[in-house]
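Read the structure below first, then the notes.
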Amino acid sequence: MANIEKFYYDNKIVKAFLYATIFWAFTGCIIGVIISLMLFYPDIPEIIFGHSLNYNNGIMGYGRLRMIHTTTVIFAFVGNIIFTGSYYSLQRLLKSRMYSDILSWINFWGWQIFIILSWITFLLGINTSKEYAEHEWPLDIIICIVWIIYGINIIGTILKRRIKHIYVSIWFFIGTWVSVCILHIFNNIELPISLFSFKSYSIYAGVQDALVQWWYGHNAVAFILTTPILGLMYYFVPKASGKPIYSYKLSIIHFWSLIFIYIWAGPHHLIYTALPAWAQMLGTIFSIMLIAPSWGGMLNGLLTLRGIWNKVRKNHILKFFVLSITCYGMATFEGPMLATKKLNSIAHFTDWIVAHVHIGTLGWNGFMAFGVIYWLVEKLWNTKIYSKIYANIHLFLGTLGIIIYVIPMYWSAIVQSKMWKGFNPDGTLINKNFLDSVISIIPFYKIRFIGGFLYMLGMIFMIYNIYKTIKKGEFINDEVSKTITEKVENEEVNFHSLLERKPIIFIILTVIVVSIGGLVEIIPTMVIKSNIPTISSVKPYTPLELEGRDIYIREGCNGCHSQMVRPFRDEVVRYREYSKAGEFVYDHPFLWGSKRTGPDLAREGGKNTNSWHLQHMYDPRYTSPGSIMPRYPWLIYRKLDISNTLLKMYSMKKLGVTYSKRDIENTYNYLDRQAVFLEQQIYKESPEIKKQIEFQKKYYGNKFIPLKDREIIALISYLQRLGTDIKVNN
């Protein structure tokens, strides 16, 4: 006996996330364009702030803006489109309103508050330095709470569903939720120096921290930028095309193989580093294996459109989807190739990685999101798009923007790698000065900026088009739906279709499959001492050096400078002895970096004088003509805050750093003694600096801050320490 049941979908929450997606997408793009402009026009902060740049506390620092850009794109733009698409599709796939309207709105406002707090904290220099996970511990807790609320809402909706089977899109949403929970929690275990301070230190150190971070960092790409977007693909591509997904069996293989293999691939970000060789090997093997499930998903999406390519040619939404899936195929082919040792030795630390990442974010994530946005606006406002011409202009500008963005970055990478590795017949480096390679690629940065600007211009057309579409439509608040429930007896089911009826078992199995790779790679590095051999000459940082390291982190310096000399002939000649695992046992967090916009700093100690570093931070173009590094004059004028130094020392000791009782008791004496020594060295090296400081003393009177008490002294102490604990080749 059939039973007709009437209920309502919640479209209001979908609309809220949709608006947030559009806002943050455009905002993230603007920040991206600004920082790409700063790479060849580093004087932008001076134009904005003028002389007050000396006292603005680094609010426009490049490193801080870069963190804002990545967080806005990943968590704000992509995060909100995930919520938008999943809240819309889940209700229709499960024939049920979301489990709780209250939880839906807590999810919405909690996520937006987290993003706004990220902006505030990053602008203030509050961050952990860990790529894609720079948020300090209070924000990590907010992320965790909001994500768990999202999961409760998903699971609650699944449990009250009116459909027996859970569709493939929901598998990917479940896989995303489970994996992000695991990754976020374990990567962000940190020790706050105080419950009343934002400052914390990762509980992992050096090699261990690097492995855990890139286990997280690579899989943030996997389970934030990939699996949930695949969930959207599996729902919206069939909906927009009017055809079912090409292969159900391929969907099963795609899902389980992808979530199992992806989690192993993180170490490919650390090839040729101090990470144990066996972990690097596993990262390479599983990265290459990733091609199969990734391309399986790509083919499943594209083959869904078989036989209707004439419709694709006329439908702007399907065009976005096709280009998105194509970019997914390109990125997921390139990623495994970059994980091979030969190509990694050429591409790592270069702009090739920038191109690779932006094919994924601008093409795969961006175009899929735009297609979903166009589709949802028509459905939610019960109308047709205002202008297909504007939509096609958006598509054209976006595609052209991506091409103009990535091609110069590939070209730039080849130039960088060739100039870094080139030798003369006599065995000397052709380009001994790293700055030569920087100056050579500035034209590519200018072209890249044009590409990013075109992509942003396309978004402006989209926003106007969406606005006009909404104005002529009528929003459907609570969309009515009817479903027929009936009892089906003697239905034949296979194992997977049976599993689809058991969501709790499905979730548990997902947890197991996702956890295997991480456990196998991380546990041995934590418990087997031989994986991280110690070096007796490596000592903990002094209090002043520790403060300097925190300033280095605050300014996001590791976004442009690596601290990892790989065992290549050119790197050893340029930077001296290659890096060893035991050098980093006191580094909470590690600072190996992933990009060399500037030279590696692992062996920076003693290379330049103290006064050189001071002048370099005040104006890099004074010491290095042609440099694209922005100025950091506030470091020269700001007083070093040492109110938490003792707490930092205590925290480090709790994490296993071998500070003695005497070290702790004499923290401030040691700090002052080293600061005075550096001040005297600078005055001795540069009498001109001494004259300037003496003039400041007369000018500022009671407000004068002695040079020894300024932030620059702490930063110099840290830079001069780098690489000096072990014997290096001269």
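Rounded to the nearest 0.05, what FRET efficiency do Lys684 and Ile705 give with R0 = 22 Å and r taken as the Cβ-Cβ distance? Could you check? It would help to have the intermediate numbers written out before the result.
Details: r = 20 Å, r/R0 = 0.92.
Here the calculated transfer efficiency is 0.60.
Could you provide, to the nearest whole Å², the per residue accessible area of the range 308-415 with probe 1.4 Å?
36
In the chain, if the dipole is taken from +1 on Lys/Arg beta carbons and -1 on Asp/Glu beta carbons about the Cα centre, which of Ser562, Pro524, Ile460 is farthest to the positive end?
Working it through, the farthest residue towards the positive pole turns out to be Ile460.
Considering the Cα positions of the range 601-690, please state its Rg to one decimal place and its Dmax as a whole number of Å.
16.3, 47
Mind checking Rg over Rh on the range 49-107, alpha carbons, Kirkwood formula for Rh? Could the numbers behind the result be given before it?
Working: Rg = 19.4 Å, Rh = 14.6 Å.
We get a ratio of 1.32 for the range 49-107.
Which value, in Å to one decimal place, does the Kirkwood hydrodynamic radius take for the range 315-394 when every pair of different Cα atoms is included? Walk me through the intermediate numbers first.
Values: mean 1/r = 0.0708 Å⁻¹.
Evaluated over the range 315-394, this radius sits at 14.1 Å.
Kindly write out, for the range 331-345 in residue order, the coupling ³J(HN,Hα) from the Karplus curve 6.51 cos²θ - 1.76 cosθ + 1.60 (θ = phi - 60°), rounded to whole Hz, with x marking Gly and Pro.
Once θ is set to phi - 60°, the couplings for the range 331-345 become 5, 7, 7, 5, x, x, 5, 5, 7, 6, 4, 5, 5, 5, 5 Hz.
Counting C-alpha atoms alone, how compact is the range 19-174: give Rg to one decimal and Dmax as a whole number, in angstrom.
19.0, 67
Report, in listed order, any pair from Lys580/Lys708; Lys164/Lys239; Lys418/Lys684; Lys446/Lys607; Lys243/Lys482 with a Cα-Cα distance greater than 28 Å.
Values: Lys580/Lys708 33 Å; Lys164/Lys239 20 Å; Lys418/Lys684 40 Å; Lys446/Lys607 31 Å; Lys243/Lys482 22 Å.
Violating the 28 Å Cα-Cα cut-off are Lys580/Lys708; Lys418/Lys684; Lys446/Lys607.
Would you mind getting the accessible area per residue of the range 587-728, heavy atoms of the protein chains only, 1.4 Å probe, in Å²? Could the numbers behind the result be given before it?
Numbers: 6790 Å² over 142 residues.
In whole numbers, the range 587-728 has 48 Å² accessible per residue.
Positive end of the dipole of the chain, charges at C-beta (+1 Lys, Arg; -1 Asp, Glu), about the Cα centre: which of Ile308, Tyr9, Phe286 has its Cα farthest in that direction?
Selected residue: Ile308.
Work out, in µm²/s and without decimals, the Stokes-Einstein translational diffusion coefficient of the range 391-548 at 10 °C, 1.306 mPa s, Rh from Kirkwood over C-alpha pairs.
Working: Rh = 24.4 Å.
This corresponds to a translational diffusion coefficient of 65 µm²/s.
What is the magnitude of the charge dipole of the range 1-85 about its Cα centre, with +1 placed on the Cβ of each Lys and Arg, -1 on the Cβ of each Asp and Glu, and no other charges, expressed in debye to the nearest 20? Intermediate values should be presented prior to the final figure.
On the way: 5 positive and 4 negative charges, 39 e Å.
Dipole magnitude for the range 1-85 comes out near 180 debye.
Any chance you could get the radius of gyration and Dmax over the Cα atoms of the range 221-369, in Å?
When restricted to the Cα atoms of the range 221-369, Rg and Dmax are 16.2, 53 Å.
Taking the Cα centre as origin and putting +1 on Lys and Arg beta-carbons and -1 on Asp and Glu beta-carbons, what dipole magnitude results for the range 301-361, to the nearest 20 debye?
380
Starting from the Kirkwood Rh over alpha-carbon pairs, what translational D in µm² s⁻¹ does the range 204-270 have by Stokes-Einstein at 20 °C and 1.002 mPa s? Let's see the in-between values first.
Numbers: Rh = 13.6 Å.
Calculated translational D: 157 µm²/s.
Beyond 18 Å between alpha-carbons counts as too far, so tell me which of Lys539/Lys661; Lys654/Lys727; Lys314/Lys384 fall in that bin. Display every interim value, and only then the final one.
Details: Lys539/Lys661 15 Å; Lys654/Lys727 29 Å; Lys314/Lys384 14 Å.
Distance filter (> 18 Å) returns Lys654/Lys727.
Which semi-axes, in whole Å and largest first, does the equivalent ellipsoid of the range 291-348 have when worked out from the alpha carbon gyration tensor as the square roots of 5 times its eigenvalues?
Numbers: eigenvalues 179, 28, 7 Å².
In descending order, the three semi-axes are 30, 12, 6 Å.
Give the value in nm², to one decimal: projected area of the alpha carbon convex hull of the range 164-240, averaged over all directions.
Values: hull surface 29.2 nm².
Value for the range 164-240: 7.3 nm².
Can you give the extra length, in nm with one decimal, that the chain gains between Val572 and Leu124 once fully stretched, where that is 0.36 nm per residue apart less the Cα-Cα distance? Could the numbers behind the result be given before it?
Details: separation 448, 0.36 × 448 = 161.28 nm, distance 3.66 nm.
This chain segment gains 157.6 nm when fully extended.
Can you compute 3J(HN,Hα) from phi for each residue in the range 176-186, using the Karplus curve 6.51 cos²θ - 1.76 cosθ + 1.60 with θ = phi - 60°, rounded to whole Hz and x for Gly and Pro?
5, 4, 4, 5, 5, 4, 5, 4, 5, 5, 6
For the chain, what value does the Rg/Rh ratio take when both radii are computed over Cα atoms and Rh is the Kirkwood radius, given to two decimals? If you can, show how the numbers build up before the last one.
Numbers: Rg = 26.9 Å, Rh = 27.2 Å.
That ratio is 0.99, to two decimals.
Would you please give the residues with an amide H less than 5 Å from that of Leu429, counting only those at least 5 places away or on a separate chain, with H modeled from the backbone geometry?
Those qualifying (amide H under 5 Å, at least 5 residues apart or on another chain) are Asn424.
Work out how much length Ile116 to Ile505 would gain on full extension: take 0.36 nm times their residue separation and subtract the Cα-Cα distance, in nm to one decimal.
Full extension of this stretch gives 136.4 nm more.
So what's the angle, to the nearest 10 degrees on a 0 to 90 scale, between helix 206-223 and the longest Cα principal axis of the chain?
Here the helix axis deviates by roughly 30 degrees.
Take every DSSP beta bridge with both residues inside the chain and express the antiparallel ones as a percent of the total, to the nearest 5. Intermediate values should be presented prior to the final figure.
Working: 13 of 14 bridges.
Close to 95 percent.
For the range 82-217, state the semi-axes of the equivalent ellipsoid (square roots of 5 times the eigenvalues of the alpha-carbon gyration tensor), sorted largest first and rounded to whole angstrom.
Numbers: eigenvalues 207, 58, 24 Å².
For the range 82-217, the semi-axes come out at 32, 17, 11 Å.
Run lengths n ≥ 4 of DSSP H only: what is the helix-derived mean residue ellipticity at 222 nm for the chain, with -39500 (n - 2.57) per run over all residues, to the nearest 500? Walk me through the numbers on the way to the answer.
Working: 31 runs with 453 residues, N = 730.
About -20000 deg cm²/dmol.
Residues of the range 172-213 with the amide nitrogen closer than 16 Å to a label point 7 Å from the Cα of Lys654, along Cα-to-Cβ, please.
189-205
Please turn the phi angles of the range 134-151 into ³J(HN,Hα) values with the Karplus equation 6.51 cos²θ - 1.76 cosθ + 1.60 (θ = phi - 60°), one per residue in order, whole Hz, x for glycine and proline.
6, 5, 6, 4, x, 6, 4, 5, 4, 4, 4, 5, 5, 5, 5, 4, 4, x
Which angle from 0 to 90°, rounded to the nearest 10, does the C-alpha axis of helix 291-303 make with the longest principal axis of the chain?
40
Given the options Ile535, Pro706, Thr128, identify the residue whose Cα lies farthest towards the positive end of the charge dipole of the chain (+1 on Cβ of Lys, Arg; -1 on Cβ of Asp, Glu).
Of the options given, the answer is Thr128.
Using amide H atoms built 1.01 Å from N in the peptide plane, name the residues 5+ places from Asp10, or on other chains, whose amide H lies under 5 Å from its own.
The list, which skips near neighbours in sequence, is Met98.
Please report, in debye to the nearest 20, how large the charge dipole of the chain is about its Cα centre when each Lys and Arg carries +1 at its beta carbon and each Asp and Glu carries -1 there.
Details: 72 positive and 48 negative charges, 255 e Å.
For the chain, the charge dipole is close to 1220 debye.
So between Ile512 and Lys311, what do we pick up on full extension, going 0.36 nm a residue minus the alpha carbon distance?
On the way: separation 201, 0.36 × 201 = 72.36 nm, distance 4.18 nm.
In short, 68.2 nm is gained.
Quick one: if you stick a label point 7 Å off each Cα along the C-beta vector at Asp43 and Ile414, how many nm between them?
3.3
Normalised radius of gyration for the range 573-727, please: alpha carbon Rg relative to 2.2 N^0.38 Å, two decimal places. Let's see the in-between values first.
On the way: Rg = 17.1 Å, N = 155, 2.2 N^0.38 = 15.0 Å.
Cα Rg divided by the expected 2.2 N^0.38 Å: 1.14.
Tell me the per residue accessible area of the range 7-99 using a 1.4 Å probe; a whole number in Å² is fine. Before the final figure, lay out each step's value.
On the way: 2600 Å² over 93 residues.
Heavy-atom accessible area per residue stands at 28 Å².
Translational diffusion coefficient of the range 545-608 at 20 °C, 1.002 mPa s, Stokes-Einstein with Kirkwood Rh over Cα pairs, in µm²/s as a whole number.
After rounding, the answer is 174 µm²/s.
The values are calculated or read from the model by the stated rules, or taken from the named source; none is laboratory data. Since we're looking at a predicted model, the values are computed, not measured. Methodologically, a virtual Cβ is constructed for each residue, glycine included, from the backbone with ideal geometry; neighbour enumeration extends over all protein chains shown. For the accessible areas, the whole protein counts, side chains as well, though only heavy atoms, and no ligand, DNA or RNA atoms are used. Shrake-Rupley method; radii C 1.70, N 1.55, O 1.52, S 1.80 Å.
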